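Since the structure comes first, as structure tokens, the remarks are kept for the end.
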Amino acid sequence: MASPFPGMNPYLEHPELFPGLYHWLIIEIARFLSPQLRPKYRVAVEVRMYETTDENSLLVGIPDVTVKSRQTTTDEKTTNVAIAAPTTQPMRVTIPMPLTIREGYLEVREVGTEALITTIEIIYPSNKRTGKGRQMYEEKREQVLGSRTNFVEIDLLRKGKPMPFFDNGIVSHYRILVCRGDQRPYADLYAFNVQDVIPNFPLPLRSGDNEPIIDLQALLNEVYDVSGYDLVVDYSQEAVPALSEQDAVWADALLREKGLR
């Protein structure tokens with residue numbers, strides 16, 4: 001079954017679903033690019049690993065969990081203050097345990113020299129929150145932008161603090177940044193919202209090379225179908241994170257039109 005949304009499916013941003021989508025997309029982009037770049041270039045799938053005790057990362061590290069009929073998570077936080085009764089009996093508490101986060105990314109390298117031509121990153125939830133995940137990603141981002149390597153950054157998450165760029169007046173739900181190493185500090189920003197089709201964008205390579213056009217929308221639709229997300233997403237519930245009032249009305253009409261509500 002195809003995704004009911006014309007662009008990014010906001011239900012796939014759910015913290016129990018996005019990690020799986022994230023890794024699927026990395027592999028599908030690599031599969032799409034590899035035959036087009038051979039024999040001059042190869043696509044390498046790399047992994048960045050770190051440990052965190054951030055309580056907000058606990059759900060994010062658990063992919064492939066069914067969310068059918070229980071998408072009731074909200075962004076609101078409640079604080080319960082317990083008063084310890086005078087007793088010698090112990091109380092069960094939760095202690096912070098390190099959680100290993102694995103973030104994938106792609107590198108396009110020249111065959112023979114292994115020169116790094118282009119880095120492709122998809123933003124992970126922990127990259128948009130204060131903490132170790134964002135710190136490590138920003139350090140990596142600054143390192144790439146300080147070199148001559150081309151850089152592609154894909155942000156398919158509405159929640160969290162977007163990555164910085166100087167034209168701060170641009171506001172959108174999602175972003176694709178295409179930054180050529182020989183044109184910095186300038187870059188191409190594809191800004192789009194939940195009601196929009198995801199725009200196509202070129203993969204920057206060396207000057208004079210034929211650049212593949214990445215149809216991220218088509219790749220996302222393929223992942224949705226192959227992974228069977230229609231079997232786990234409960235469209236009778238509201239999206240998590242929540243949509244704005246205007247977008248929620250639009251999504252409700254769309255889902256009713258497609259018989260999903």
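The values are calculated or read from the model by the stated rules, or taken from the named source; none is laboratory data. Computed from a predicted model, the values in this text were never measured in an experiment. Accessible surface is based on the protein model in full, side chains and every heavy atom, while ligands, DNA and RNA are left aside. Shrake-Rupley method; radii C 1.70, N 1.55, O 1.52, S 1.80 Å.
Values of log10 I(q)/I(0) for the chain across q = 0.15 Å⁻¹ run -1.17, by the Debye formula with one identical scatterer at each alpha carbon and no solvent. Please work out the C-alpha center-to-center distance from the stretch 241-261 to the stretch 141-181 and express it in whole Å. So the two Cα centres are separated by 28 Å. Remark: the stretch 179-186, residue by residue, has Karplus-estimated 3J(HN,Hα) of 10, 8, x, 9, 10, 5, x, 8 Hz, where x stands for each Gly or Pro and the curve is 6.51 cos²θ - 1.76 cosθ + 1.60 at θ = phi - 60°.
Once the Cα atoms of helix 216-227 and of the chain are each reduced to a long axis, what angle between those two axes, in degrees from 0 to 90 to the nearest 10, is obtained? Between the helix axis and the principal axis of the chain, the angle is about 50 degrees.
Using the rule -39500 (n - 2.57) for each DSSP H run of four or more residues, divided by the residues of the chain, the 222 nm mean residue ellipticity is -7500 deg cm²/dmol. Around the amide H of Gly104, modelled in the peptide plane, lie the amide H atoms of Arg48, all under 5 Å away and 5 or more residues distant in sequence or on another chain. When the solvent-accessible area of the stretch 115-245 is split by element, carbon and sulfur atoms take up 50 percent of it, the probe being 1.4 Å. Kindly identify the stretch 197-255 as rounded, prolate or oblate by the Cα gyration tensor criterion: order the square roots of the eigenvalues as a ≥ b ≥ c, call it rounded if a/c is under 1.5, otherwise compare a/b with b/c, prolate if a/b is larger, else oblate. Taking the square roots of the gyration eigenvalues as a ≥ b ≥ c, the stretch 197-255 is prolate. For the chain, the solvent-accessible area of protein heavy atoms averages 55 Å² per residue (probe radius 1.4 Å; ligands and nucleic acids excluded). The 3J(HN,Hα) values that the Karplus relation (6.51, -1.76, 1.60; θ = phi - 60°) gives for the stretch 24-29 are, in residue order, 4, 5, 4, 5, 5, 5 Hz. Gly and Pro appear as x.
Counting lysine pairs in the chain whose alpha carbons fall under 16 angstrom apart, excluding pairs fewer than 8 residues apart on the same chain, gives 6. Calculated on C-alpha atoms, the gyration radius of the stretch 120-242 divided by its Kirkwood radius gives an Rg/Rh of 0.99. Counting only alpha carbon atoms, the long axis of helix 245-257 and the longest principal axis of the chain meet at about 80°.
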